[in-house]
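Chemist: Attaching a single structure in structure tokens format; questions to follow.
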Amino acid sequence: MSVEMQDLSVFMAVVRAGGFREAARRTNVSASSVSEAVRRLEAQLGVRLLNRNTRSVHPTEAGSRLADRLAPAFDEVGAAIAAVSDFRDRPAGTLRINVPGGAARLILPEIVPAFLKAYPDITMEVIVEDGFVDMLAAGCDAGIRYDEALEQDMIAVPIGPRWQRFATAAAPSYLAARGWPEHPLDLQRHACLRGRFSSGAMPVWEFERAGQILRVEPAGPLMVRLGAAVDLAISAAVEGLGIIHLYEEWLRPHLESGALVPVLKPWWQTFSGPYLYYPSRRHMPPPLRAFVAFIRTRR
């Protein structure tokens, strides 16, 4: 039986991308070409490999078994190509990283422009997702997350500030009208501007003082998608609509200008900074190796 390696490669791209359109984007071919390659492979093997509907694509039992057997071989081919690429004078290729909205806004602007200037043959794609993500299944080379969200069996390299903290603040006009909270539990009697992750989860507000941790779930007039609409929440806070609780770096310009003033500052919680994480590989892709070396040098 003669099976084209290109068709097998396209099939693996569909499985890893979770759909034809995304696989087409990652492989730089048309969606119709991807679909035709999978149909051709199924005809040659005489078995259905993918279940398709209008919303999703999932491997059949036969497709899952084939993908499981092919994955190590394709990973080894990728590693072999990466090893040959090491002989280039300058690293080249695409680096895909998966990051939360906070990192995209607060960490990467200090790093990415300088990195791309240093490595003009590298293209970087940043995928912003705030939930827990299987970075490899998402087709990424690396990700950025905090301690509690790091995937197991990954190499982690510090990136960005090693310590951050959440700040709580409000506009002078709000505090003049509603008064100052003296304790985190007082927030339950105040208007608070909250955020929700794309998964639907709504994080509680955490405070810490002298080893005591308090978690508060306040209510208020506005809720926004974390990452995507944080600026709206900050604007609402500046206009005096309520109290906001975000990364200190996000609020710092407004704190420095006086548009917002600190609230409950002795209770602001400090936490360790983010990490770049990636799988342990014998041959790391050159763009990723260059990026890791770059952030280690800056650190």
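Chemist: Just checking: which of the strands (runs of 3 or more DSSP E) contained wholly in the stretch 153-205 hold 2 or more residues that are open to solvent by 10 Å² or more (accessible area, probe 1.4 Å) and aromatic (Phe, Trp, Tyr)?
Modeler: Numbers: elements: 154-158, 163-170, 192-196.
By residue number, 163-170.
Chemist: Same structure again: Taking the criterion of being in a loop (DSSP other than H, G, I, E, B), exposed (fewer than 15 other Cβ atoms within 10 Å of the Cβ), out of contact with any Gly (no Cβ under 9 Å at 6 or more places or on another chain) and in contact (Cβ under 8 Å) with a residue 12 or more places away in the chain, would at least one residue in the stretch 227-243 satisfy it? Give the steps one after another, and end with the answer.
Modeler: We begin by selecting, within the stretch 227-243, every residue in a loop (DSSP other than H, G, I, E, B); these are 227-229, 239-242.
Next, only the ones that are exposed (fewer than 15 other Cβ atoms within 10 Å of the Cβ) stay: 228, 239.
Applying the additional criterion that residues be out of contact with any Gly (no Cβ under 9 Å at 6 or more places or on another chain) yields 239.
This time we only want the ones that are in contact (Cβ under 8 Å) with a residue 12 or more places away in the chain, so: 239.
The answer is yes, given that some residue of the stretch 227-243 is in a loop (DSSP other than H, G, I, E, B), exposed (fewer than 15 other Cβ atoms within 10 Å of the Cβ), out of contact with any Gly (no Cβ under 9 Å at 6 or more places or on another chain) and in contact (Cβ under 8 Å) with a residue 12 or more places away in the chain.
Chemist: Filter the stretch 272-292 down to the residues that are open to solvent by 40 Å² or more (accessible area, probe 1.4 Å) and modelled with pLDDT under 90 and list them by number. Reasoning before the result, please.
Modeler: Taking the stretch 272-292 and keeping what is open to solvent by 40 Å² or more (accessible area, probe 1.4 Å), we get 275, 280-283, 289.
Answer for the stretch 272-292, where residues must be open to solvent by 40 Å² or more (accessible area, probe 1.4 Å) and modelled with pLDDT under 90: Ser280, Arg281, Arg282, His283.
Chemist: Let me ask you something else. Please go through the stretch 155-201 and give me each residue that is at pLDDT 95 or above and hydroxyl-bearing (Ser, Thr, Tyr), ordered by number.
Modeler: Those that are at pLDDT 95 or above and hydroxyl-bearing (Ser, Thr, Tyr): Thr168, Ser173, Tyr174.
Chemist: Evaluate the stretch 128-138: report whether one residue or more is at positive phi and surrounded by fewer than 19 Cβ atoms within 10 Å (Cβ to Cβ). First the steps, then the outcome.
Modeler: Looking only at the stretch 128-138, we keep the residues that are at positive phi, and these are none.
Within the stretch 128-138, not a single residue is at positive phi and surrounded by fewer than 19 Cβ atoms within 10 Å (Cβ to Cβ).
Chemist: OK, next. Taking the stretch 28-38 on its own, how many of its residues are exposed (fewer than 13 other Cβ atoms within 10 Å of the Cβ) and among the charged types (D, E, K, R)?
Modeler: Residues in the stretch 28-38 being exposed (fewer than 13 other Cβ atoms within 10 Å of the Cβ) and among the charged types (D, E, K, R): 0 in total.
Chemist: Mind checking which strands (runs of 3 or more DSSP E) fall wholly inside the stretch 50-103 and carry at least 1 residues that are at pLDDT below 75, among the β-branched types (Val, Ile, Thr) and open to solvent by 50 Å² or more (accessible area, probe 1.4 Å)? Full working, then the answer.
Modeler: On the way: elements: 50-52, 57-59, 93-99.
Qualifying strands (runs of 3 or more DSSP E): none found.
Chemist: When you scan the stretch 113-121, do you find a residue that is over 21 Å from Arg21 (Cα atoms), outside any strand (DSSP E or B), of a type in the set (A, V, I, L, M, F, W, C) and open to solvent by less than 50 Å² (accessible area, probe 1.4 Å), even just one?
Modeler: Of the stretch 113-121, the ones over 21 Å from Arg21 (Cα atoms) are 113-121.
Cutting the leftovers down to outside any strand (DSSP E or B) gives us 113-121.
Now drop any that are not of a type in the set (A, V, I, L, M, F, W, C), which leaves 114-116, 118.
Within this subset, residues satisfying the condition of being open to solvent by less than 50 Å² (accessible area, probe 1.4 Å) are 114-115.
Yes, there is a match, as at least one residue in the stretch 113-121 is over 21 Å from Arg21 (Cα atoms), outside any strand (DSSP E or B), of a type in the set (A, V, I, L, M, F, W, C) and open to solvent by less than 50 Å² (accessible area, probe 1.4 Å).
Chemist: Considering Trp205, Trp163, which residue is under 24 Å from Ile243 (Cβ atoms), touching a Pro at 6+ places or on another chain (Cβ under 9 Å) and in contact (Cβ under 8 Å) with a residue 12 or more places away in the chain? Walk me through it before giving the result.
Modeler: Details: Trp163 fails: touching a Pro at 6+ places or on another chain (Cβ under 9 Å).
Answer to the check: Trp205.
The values are calculated or read from the model by the stated rules, or taken from the named source; none is laboratory data. Keep in mind the model is a prediction, meaning the values are calculated, not measured. Ideal geometry is used to build each Cβ from the backbone, glycine not excepted, and the neighbour counts take in all protein chains shown. All accessible areas refer to the heavy atoms of the entire protein, side chains included, with ligands and DNA or RNA removed. Shrake-Rupley method; radii C 1.70, N 1.55, O 1.52, S 1.80 Å.
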